[in-house]
Amino acid sequence: MSNLQIIHFVEYELQAIALVWMVTVYAIKLYKLCCLPMPWEKAPARGSARRGAASSYASILNPWSRESSREHKGRWLEFGLYHVGALAAIVNTFTYPFAPQLMTDPVKLVFAALIAPAMVVGLIKLGRRIVRPELRIVSTPDDYFALVSLQLFFFFAVMALLVGTPSWQLAYFLVTALFLFYVPFSKISHYIYFFFSHYLTGRRYGWRGVPSGGIAR
Amino acid sequence: MNMQTAIQELDKRYSRLVGTSATNLCTHCGWCIEACHIYQATGDPEMSPVAKAERVRRVLRRKHDWTSKVFPFWTGAKDLTEQELNEWEELAFRNCTLCERCVVNCPMCVETPQIIGAVRGTLTALGKGPEILDQLADSAIWREEAVDELKGAFLEQIGELEKQVQDRLGNPQARIPVDQPADKLYVPLSGAHTIVPPAVIFNAVGESWTMSLFEAANNALFLGDIPRAKRITQRILKEAERLNVKEIVVAECGHAYAVLRWEAPKWFGGPLKFKVRSILEVIDDYVRDGRLKLDPTRNPEPVTYHDPCNLGRKGGILEEPRRVLRAAVMDFRDMTPNRWENYCCGGGGGLVANEDWKDFRLTAGKVKADQIRQTGATVAATSCDNCLIQITDVVDHYKLGAKVTTVSQLVTNALVT
C-alpha cells in the first residue's frame, strides 16, 4: 500500500466503518434507554410540554436563562467556544474529504480560527479539573482522557488545515477514526443524551407551567 | 445485608429519567455546584450535587454501562458495598432535599433528585429509611383504619376551631363542615393554622366546601415508598368520590400538592375524577374575581415570600401567591433569586421531621436566612408547612427578628368583613 492509498483508506473507508460503528452503538444504547419505564405526566397540564421542551433546548444558547451561566458568563463563553470548536472539527472531517473544492485557503483559515480557541479552553478546563477540589473528586480517568484526546483532535485538525501535508492529514483522520470508535463508550457521548434529557426535563417543566428558560408558559 | 437484594431494589427504580442521568449525560462540568444551598452553606465539595449523584452513579454505571462493566477503574465505577449503602442513608435523606435547583442550573438537565429519589426508595425497601418518616407514614394509614373511632374527638376539636372562625368573621353561622357533600373538599394538615384561615376565607366568600377527615401530608413520598404513598393518597380520593366533590383543594403544603396534583395521576394510571388545586390558586381566584375584599393596611410590615420547591420550581405556582400577597399586604418584597430559581429553605424532602439532623438543616438554612435578611422584610411568608417550620427555626437561629407566617394567614388578617 502506498502512502496515498493509506491516506485514502483512512479518510474514506476507515471513517465510514468508524461512523457505522458509532451509530450502531448509539442506536443500541438509546434503544435500551427507551425500553426503561418512563413516568410521563398524566395530570391535566398547567402549561405546554412542547414549549417546555423547546425552551429547554433553546436555553443552552441563552446565557441569561439559568443562574449558573448568568452569573458566570465566562464559563458560558468557554462552553460556547469549546463546542463551536468541536463542531467545526467534526464538520471538517466531512468537508475535507467529501467537499475539497469548498476548502479554499480562507475557509480553512476560518475553520482553524474556530477550532484554535477550543484548544485554549480545553487547557483551561483541564487545569480547573486538576486544581478545583469539587471537580477533582468527581473526575475519572475517562474525564481526563476525554479532555486530552479532544486536545489532540483539535490540534491535528488545525495542523491539517493550516499545514495540510499528507502526514498531518493522516494523523488527523487516524485520530478521528479512533475517536469515533471510542466516543460511544466515553463521557464524550453526552451530546447524544443531551437531546434526550432536555426533551424529558423540558417537557415536564413545560407541562407543569414552570417557565424555566423563560418561555415555557 | 445481601448486596444483590440492594441492587435489585435499585434496579426496580431505574427509570428512563434515572437511566438518562446515570449514563454519560453528566460531564462533571460543575455548573450545578453553586446551585445547591447545602454546598453553599457548608462549602464541602462532597455536598455538591454532582458529588452526591456521582456516589450513586458509580454503582449504577457498574451495572448498566458497558465500559464500566469491563473497565470500572476507567469510569470510576464501583460495586455496591455494605459500607457504601450505609453511607447512602445520610446522602439520600439528609444531604439532598430533592429541591431540583441543580436540575434547572444544569446545562445537560441531569436529574440528580431522580437518582437520589431512587436511592431513597431502595433504602426504605431495605428497612433503612429514617424511622420517623416511616412512623409518620404508618400513622397516616392507621388513621384511615381507625377513622370511625377518631371521628368523634376530631369533630369536637373542629367545633373549637369553628368558634375562632365565627369570632373572626363576626358571624355565628360560619361553619367548618366535615365529611359533608360539597363542591370543594379541603384537605388540611394537622394544626389549626392550616384549618382556621382557609375556613375563614371559604366562609367569607360563601363557598360550598367541606373539610377532609384526613390530613394532606404524605411522608411516604419522602421515603420514595410509592405503594405506601398511594395508599395514603387513596384515603383522600375515596373520600372525595364518596362526597361527590368537584374539586380537591390542598392546604398550603408543597409535597401534598405535588402528590395530589402531579404524582397521583401517574400512580393511578390517568387524570383524577376531580380537579386538584392548591388553596393558593383558589384564594387567587377569589381575589381576582372580587369575592374577597382585602385591606392591605392591616398588614403594614414589609413581607417577603419563600417559594416552596414543590409548589414553585416543581409545580408552577409562582404568580398566584405574589398576586395574593400584593393584594393583602402593603409592602411586598421578593427575595433574590425567586420563583423557579428560589433556594430551598433547607428543610425539604422530609428533613424537617428528623430531629437528629436539626443542626444540619439549620446550617443548610443559612442561604435562606441571608435571602430573607437582604429583603429587609420583617415578615416571611410561605405556603408549605415544612418550609414554615424550617424558616421559623432559621429565623430564630440566625436572629433575623422576623415573623414567619402563611399566605392564608396574611389574607385572613387583611380580610374586610
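Outside any loop (DSSP other than H, G, I, E, B) and closer than 18 Å to B:Gln409 by Cβ: does that describe B:Ala153? Against the criterion (outside any loop (DSSP other than H, G, I, E, B) and closer than 18 Å to B:Gln409 by Cβ), B:Ala153 does not qualify. Under the condition of being loosely packed, with under 15 Cβ neighbours inside 10 Å and of a type in the set (D, E, K, R), the residues counted in segment B:237-265 number 4. A count restricted to segment A:96-110 and to residues that are modelled with pLDDT of 90 or more and not aliphatic (A, V, I, L, M) stands at 5.
When the test is whether a residue is buried (at least 24 other Cβ atoms within 10 Å of the Cβ), closer than 27 Å to B:Glu131 by Cα and at the interface with chain A (Cβ under 9 Å from one of its Cβ atoms), B:Glu111 passes it.
Restricted to segment B:263-301, and to residues that are under 23 Å from B:Asn413 (Cβ atoms) and among the aliphatic types (A, V, I, L, M), which residue is farthest from the other protein chains (Cβ to nearest Cβ)? Ranking the qualifying residues of segment B:263-301, first place goes to B:Leu294.
Table: residues versus (1) within 14 Å of another protein chain (Cβ to nearest Cβ); (2) out of contact with any His (no Cβ under 7 Å at 6 or more places or on another chain); (3) outside any helix (DSSP H, G or I).
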{"position": "B:Cys99", "(1), (2), (3)": "yes, yes, yes"}
{"position": "B:Cys102", "(1), (2), (3)": "yes, yes, no"}
{"position": "B:Ile115", "(1), (2), (3)": "yes, yes, no"}
{"position": "B:Glu162", "(1), (2), (3)": "no, yes, no"}
{"position": "B:Gln173", "(1), (2), (3)": "no, yes, yes"}
{"position": "B:Ser190", "(1), (2), (3)": "no, yes, yes"}
{"position": "B:Pro198", "(1), (2), (3)": "no, yes, no"}
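The lone criterion from (1) under 16 Å from B:Ala22 (Cα atoms); (2) crowded, with 21+ Cβ neighbours inside 10 Å left unmet by A:Phe195 is number (2). The residues listed here are A:Phe145, A:Phe185, A:Phe154; of these, the one that is among the aromatic types (Phe, Trp, Tyr) and crowded, with 23+ Cβ neighbours inside 10 Å is A:Phe154.
Put simply, of A:Pro37, A:Pro63 the only residue that is within 12 Å of chain B (Cβ to nearest Cβ), outside any helix (DSSP H, G or I) and exposed (fewer than 14 other Cβ atoms within 10 Å of the Cβ) is A:Pro37. Helices (runs of 4 or more DSSP H) fully within segment B:220-329 that include at least 1 residues being over 21 Å from B:Ala192 (Cα atoms), touching a residue at least 12 places away in the same chain (Cβ under 8 Å) and under 15 Å from the mean Cα position of the chain (by Cα): B:226-242, B:264-267. Under the condition of being in contact (Cβ under 8 Å) with a residue 60 or more places away in the chain and in contact with a Cys (Cβ under 7 Å, 6 or more places away or on another chain), which residue from segment B:183-219 is surrounded by the most Cβ atoms within 10 Å (Cβ to Cβ)? Looking at the filtered set, the residue picked out is B:Ala217.
For segment A:40-60, a tally of residues being within 7 Å of chain B (Cβ to nearest Cβ) and farther than 26 Å from B:Ala258 by Cβ returns 1. Residue selection: B:Ile283 fails the criterion of being buried (at least 24 other Cβ atoms within 10 Å of the Cβ), of a type outside the set (Gly, Ala, Ser) and in contact with a strand residue (DSSP E or B) (Cβ under 9 Å, 6 or more places away or on another chain). Applying the criterion of at least 3 residues that are within 14 Å of chain B (Cβ to nearest Cβ) and hydroxyl-bearing (Ser, Thr, Tyr) to the helices (runs of 4 or more DSSP H) found wholly in segment A:118-217 leaves A:190-207. Would it be correct to say that B:Ala192 is out of contact with any strand residue (DSSP E or B) (no Cβ under 7 Å at 6 or more places or on another chain) and either of a type in the set (S, T, N, Q) or in the same structural domain as B:Tyr257 (by TED's automatic domain parsing) (or both)? Against the criterion (out of contact with any strand residue (DSSP E or B) (no Cβ under 7 Å at 6 or more places or on another chain) and either of a type in the set (S, T, N, Q) or in the same structural domain as B:Tyr257 (by TED's automatic domain parsing) (or both)), B:Ala192 qualifies. Filtering segment B:358-417 to residues that are touching a Phe, Trp or Tyr at 6+ places or on another chain (Cβ under 9 Å) and assigned to a strand (DSSP E or B) leaves B:Ala380, B:Ala381, B:Thr382.
If the condition is being under 25 Å from B:Arg13 (Cβ atoms) and in a helix (DSSP H, G or I), then segment A:40-60 contributes A:Ala49, A:Gly52, A:Ala53, A:Ser56.
The values are calculated or read from the model by the stated rules, or taken from the named source; none is laboratory data. Source: prediction; values computed, not measured. Don't worry about glycine lacking a Cβ; one is built from the backbone with ideal geometry, like all the others, and counts go over all protein chains shown.
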